[in-house]
Each structure stands twice: as structure tokens, then as C-alpha cells.
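**Student:** To start, I am sharing the structure in question, which I have written as C-alpha cells.
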């Protein structure tokens, strides 16, 4: 059902009635689409409060807070979360640093090889994850480099760089070069200008990229699966648990991650709205 | 002076160097090693050696033709369904969202905040044999009394569609949001019906979003193996499942590497053909 299908041509005098129907058909459709998008999230959250009878957390048996109270009762879960956070912290910081430098070069300088640089940034994002994971494993296998913590971090930095570049670049494009020139005219050298003018202006973009990289790292399964060796991140723990029936504690952690991410996103949106309003007020 | 200019020109390269070096070492070089691996022969016990074993590719294509076809059929179906679901939704947010646009966008990406595997497991629960959805469909005689959703192609396609839908909806929204509503009004002032204004103005202007969205959905969908694993049976397994098990369970590295390249090649050819088709359509239409 597309928009066009809802608006088959009818005589123009009935346009008012039609417009009314059309507006509401579209709204109803949008509501249904949102239900579809949010239903699995609701199910995932609800089943964190389920008290399953056997080891399968598939059918609703009754409400309990025990899973939340004893989130740590499943062997290996806590370690996997700690590992995920460590990997995400290191890889997001390194990827954000490397990606921000690339974004600065791409937006602020004209140089030979810009096109191919953009292409190289775009390629990892348009390669299936399984190929990225497999090729890294081929590298480590052939160099006889044991897979484990280091290789997970290496792979996460790799796939995060492109996303950081895109995020920071989006912020830099609307950036007013005149502000930097003004600082230089007032006697600031390049480094001072960068520190006092450029950095504060692009800081929200860098922060957004850092969040995104952290989130992508925590969520990654495929690439990690190929390069984890005997290590177990949280998604790998869920995968292993799913084979024998995932405990409700998995949903507890999933819900916690969801709430944290949602809070961070909402705060970000509110901050940006306020910033935009302030800038408008100042202009 | 000449030295100064050359020195100044170095700055962008210095900024690029660390990040691009990382991508070269851990993205480009590994692809080379994957190619190297794909041309090896041998077994895990006796070791692999490089022998220009092009036969791996022939073997990969002929033995796993069904998996390849299934991957592209499932990914294609998921992409089309995601487009049909997302387009009106993105349209509604772009033109009717008003002050709440950002909030609605947040709802679209909300699934990404739940770990991929957990939201796929949630679909397992929703589509389960004892679940409400199956019950209702059985009562309505849409499903046979012993009909199932879980462990069918329907479940796998539904899972893939759901998991990659935001990749479709976001670029569509960006493209639709950029359209100046006055253009549509102008078309209607010139006696275009609403349908015609949509077909001649809105739709063509949103094509870049359709293009980006379909690629962003199709490419990861074609390489996916999680949905087939968790929502399907071996009868629904895709090429990703084969690559994964050959690399990590069967330890048949050369064939797994060859299959990865076959997957990449098919995707590249598909993307190229698709961009040619859409590009020419945009010129003539």
C-alpha cells in the first residue's frame, strides 16, 4: 500500500472529503508502522519481568522483579558486560580521534586524493559485516596472530572510523570559516584558534560521534564473532545463551541498554534544540 | 616561499594519515588476505597452502547456489517490504510531523537501542507457535490449524525487514524533508491532481532517498545470517550462514573465503546494475 494507491484520482469537487480521508488514512498507517517498530521492544522489555517455568523464556508466565534483583545470577553475564564496556570505551575513543582528524581534513582542506579518501571511508560501511569479519579473521589467521581482546578492539576501531567521519563531517559542513579567520585576524595562532574556536564549535558533533561509536561497538555481533577467539562480549553471550534458551536476565540487560541509550539520545535532542534556540536568539 | 606552500599542503595528509593507515591495515589489507585465503587448498589437519585454487570459486557457486539465490531473494523481498512500510511513514513525519519530527525520528531508530540479537529473539517470542499472532491467524483460517510462522521463510524475511527498516526509513525521511512544499502546491495550482503531483513532483524528488535506503537495506540483508539462524531452520539458511559455519565450525577457510568474495561480487554487480537502472530512469522520467 503506497501513498499513490490511497489517492486514486477522483473528481476535484470531492477533494475536501478526499483530503480528510487521505490525511487520516496516512496517519493510521503511520501509527500502525510505529506499532510494528515498537512491538518487539515492548516484548523484549516485558519478558525481562517474566518468571519462566523452564529454561525457555518464550511464553508469559507471570510478573516478577526477581530477574532485575538477581541480574547477576547467570554465570558469565557480568564478565561479558564488563568486556563489552571495555572494548566500547577504547574503540570509541580511538575511532573518534582518528575519524575526527579525517573529517577535519576532508571539510577544511582542498587536496589531491579527496575523492578516493571519501570512497575509502564509504567502502567499509557498504560492505556486508560478514565480509569485514571474515577478512579480518583471514588476516589474523595468516599472520598467526591469536584472536582475543586485542583483535576485537582493532576490528571495532576499524568499522567505527567511517561512522565517526560521517557524523563529524555533517557537523562541520555548516561551520562558518569566518569565525576562525576572525580569531586569526585578532592575533591567535592556528593552534589557539583550533582550541578556542574550532573545537568548542564542533564539540557536539564529536560527542555525538563518540556516543554512536560506543553504541555500535556494544551492539556489534558479526565482526566480533569472527575475531573474538575465546572472549565473550555481551552480544556473543546472548548468542550462546539463545542456543539453549536465553535467561530473562538477558532481557534485563537489553532493557537497561535501551533505557540508557534512549536517555542519552533524548538529552542530545533537547540540548540541540536549546542550542538552536539560543543561536536564533543571538542572531 | 615554495617550501612554505609545500609544507602547508602537508597538513591535510597529516590529519588523514593515522585514520587512513588504520583502514588500510585492517580493511584493505585483510581483503587481500581473504583473496589469498580463497585460493588456497588443503585441510585444517594437514594445513593450507597457496595453490591458485580457482576451483574453490566454482565449487562455492555450484554447491551453494541455493543459499546464494535465497540470500538475494530474501534480501530483495525485505528491501521491497521495508520500502513499502517506510515510505508513507517517512512521508507522514516529513510533511505532518510538525514540531514532533525529532521525537518521531527517535521512535524510528528506537529498535537500534535494543541489542540486535535481543530484538531478533523478541520476534522469536512474537512468532512462536504458542504466541498470540499465530493463534489469531489460525482462528481466522489464514494459517492452517497446525500452521506455523516461526521456522519459516516468512519469519526470516520478517526479521530481516524489521532489523534493517531504519536504514530505509532514515534516508527516505531526509530526502522527503528537503522537498519544498511550495513545489507540490505549485503543481496543484497548475491543476495536477494530488496523485499526479505526487507522481510527478514528490516521488522523483525523493528518489535519491529511495536509492540510498534500498542499498543500505539490501547490502547488510544479503550478508545476514542471524535472522535465518534464530527465526528459521537449515532450509532457510542464507549464504552468510554457510560462510559463518565454514569459517568458525567446519574450519574450511579457503571455501569460506571464496564464498565471501562471491557474495561481494554479486552485491557489487547488483548495486551497479541498480544504480544504472535508477539513474537512467531519473533522466528520462
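The values are calculated or read from the model by the stated rules, or taken from the named source; none is laboratory data. Bear in mind that the values here come from a model prediction, so they are computed numbers and not experimental data. Note that each Cβ is placed from the backbone with ideal geometry, even for glycine, and that neighbours are counted across all protein chains shown.
**Student:** Show the residue pairs that are 6+ apart or on different chains and have beta-carbon atoms under 6 Å apart, the first residue being within the range B:195-215 and surrounded by fewer than 21 Cβ atoms within 10 Å (Cβ to Cβ), the second being assigned to a helix (DSSP H, G or I) and modelled with pLDDT of 90 or more.
**Tutor:** B:208/B:175; B:212/B:171
**Student:** Within the bounds of the range A:203-214, is there any residue that is surrounded by 18 or more Cβ atoms within 10 Å (Cβ to Cβ), over 30 Å from residue A:110 (Cα atoms), touching a helix residue (DSSP H, G or I) at 6+ places or on another chain (Cβ under 7 Å) and assigned by TED's automatic domain parsing to the domain that holds residue A:83?
**Tutor:** yes
**Student:** Scan the range A:25-64 residue by residue and report those that are more than 7 Å from chain B (Cβ to nearest Cβ), part of a helix (DSSP H, G or I) and touching a residue at least 60 places away in the same chain (Cβ under 8 Å).
**Tutor:** Correct list: A:45 only.
**Student:** Further question: For residues that are free of Cβ contacts under 8 Å to residues at least 60 places away in the same chain, under 25 Å from residue A:217 (Cα atoms) and facing chain A (nearest Cβ under 7 Å), tally how many sit in the range B:92-119.
**Tutor:** Number satisfying all stated conditions: 10.
**Student:** Can I ask one more? If the requirement is being in the same structural domain as residue A:198 (by TED's automatic domain parsing), over 21 Å from the mean Cα position of the chain (by Cα) and in contact (Cβ under 8 Å) with a residue 60 or more places away in the chain, which of these qualifies: A:93, A:107?
**Tutor:** A:107
**Student:** I want to confirm something. Restricting to the range A:1-18 and keeping residues that are facing another protein chain (nearest Cβ under 8 Å) and modelled with pLDDT of 55 or more, which single residue is nearest to residue B:158 (Cα to Cα)?
**Tutor:** Of everything passing the filter in the range A:1-18, A:18 is nearest to residue B:158 (Cα to Cα).
**Student:** For residue B:143, are the conditions met, namely being in contact with a helix residue (DSSP H, G or I) (Cβ under 7 Å, 6 or more places away or on another chain), outside any helix (DSSP H, G or I) and either within 8 Å of another protein chain (Cβ to nearest Cβ) or over 27 Å from residue B:224 (Cα atoms) (or both)? Break it down into steps so the answer makes sense when it comes.
**Tutor:** Values: in contact with a helix residue (DSSP H, G or I) (Cβ under 7 Å, 6 or more places away or on another chain): yes; outside any helix (DSSP H, G or I): yes; either within 8 Å of another protein chain (Cβ to nearest Cβ) or over 27 Å from residue B:224 (Cα atoms) (or both): yes.
When the stated conditions are applied, residue B:143 passes them.
**Student:** Identify, from the list B:150, B:89, the residue that is within 14 Å of chain A (Cβ to nearest Cβ), assigned to a helix (DSSP H, G or I) and either in contact with a helix residue (DSSP H, G or I) (Cβ under 9 Å, 6 or more places away or on another chain) or within 28 Å of residue A:57 (Cα to Cα) (or both).
**Tutor:** Result of the check over B:150, B:89: B:89.
**Student:** Now for a separate question. Quick test for you: out of B:74, B:57, pick the one residue that is part of a helix (DSSP H, G or I), at pLDDT below 90 and either out of contact with any strand residue (DSSP E or B) (no Cβ under 6 Å at 6 or more places or on another chain) or farther than 28 Å from residue B:216 by Cα (or both).
**Tutor:** Just one listed residue meets the conditions, B:57.
**Student:** Somewhere in the range A:115-124, is a residue buried (at least 16 other Cβ atoms within 10 Å of the Cβ) and either within 15 Å of residue A:220 (Cα to Cα) or not assigned by TED's automatic domain parsing to the domain that holds residue A:190 (or both)?
**Tutor:** So far as the range A:115-124 goes, yes, one or more of its residues are buried (at least 16 other Cβ atoms within 10 Å of the Cβ) and either within 15 Å of residue A:220 (Cα to Cα) or not assigned by TED's automatic domain parsing to the domain that holds residue A:190 (or both).
**Student:** Can you find a residue in the range A:151-159 that is facing chain B (nearest Cβ under 8 Å), under 18 Å from the mean Cα position of the chain (by Cα) and over 23 Å from residue B:220 (Cβ atoms)?
**Tutor:** no
**Student:** Determine whether the range A:242-254 contains at least one residue that is facing chain B (nearest Cβ under 8 Å), touching a helix residue (DSSP H, G or I) at 6+ places or on another chain (Cβ under 7 Å) and surrounded by fewer than 21 Cβ atoms within 10 Å (Cβ to Cβ).
**Tutor:** yes
**Student:** Filtering the range A:140-151 down to residues that are over 19 Å from residue B:20 (Cα atoms) and in contact (Cβ under 8 Å) with a residue 60 or more places away in the chain, which residue is surrounded by the most Cβ atoms within 10 Å (Cβ to Cβ)?
**Tutor:** Within the range A:140-151, the match that is surrounded by the most Cβ atoms within 10 Å (Cβ to Cβ) is A:140.
**Student:** Could you grab me the full set of residues in the range B:177-194 that are assigned to a helix (DSSP H, G or I), out of contact with any helix residue (DSSP H, G or I) (no Cβ under 6 Å at 6 or more places or on another chain) and crowded, with 17+ Cβ neighbours inside 10 Å?
**Tutor:** Passing the criteria: only B:194.
**Student:** Taking the options A:119, A:140, name whichever one is closer than 22 Å to residue A:104 by Cα and assigned to a helix (DSSP H, G or I).
**Tutor:** A:119
**Student:** Out of all the residues in the range A:225-236, is one or more buried (at least 22 other Cβ atoms within 10 Å of the Cβ), assigned to a helix (DSSP H, G or I), more than 9 Å from chain B (Cβ to nearest Cβ) and modelled with pLDDT of 85 or more?
**Tutor:** Yes, that holds for at least one residue.
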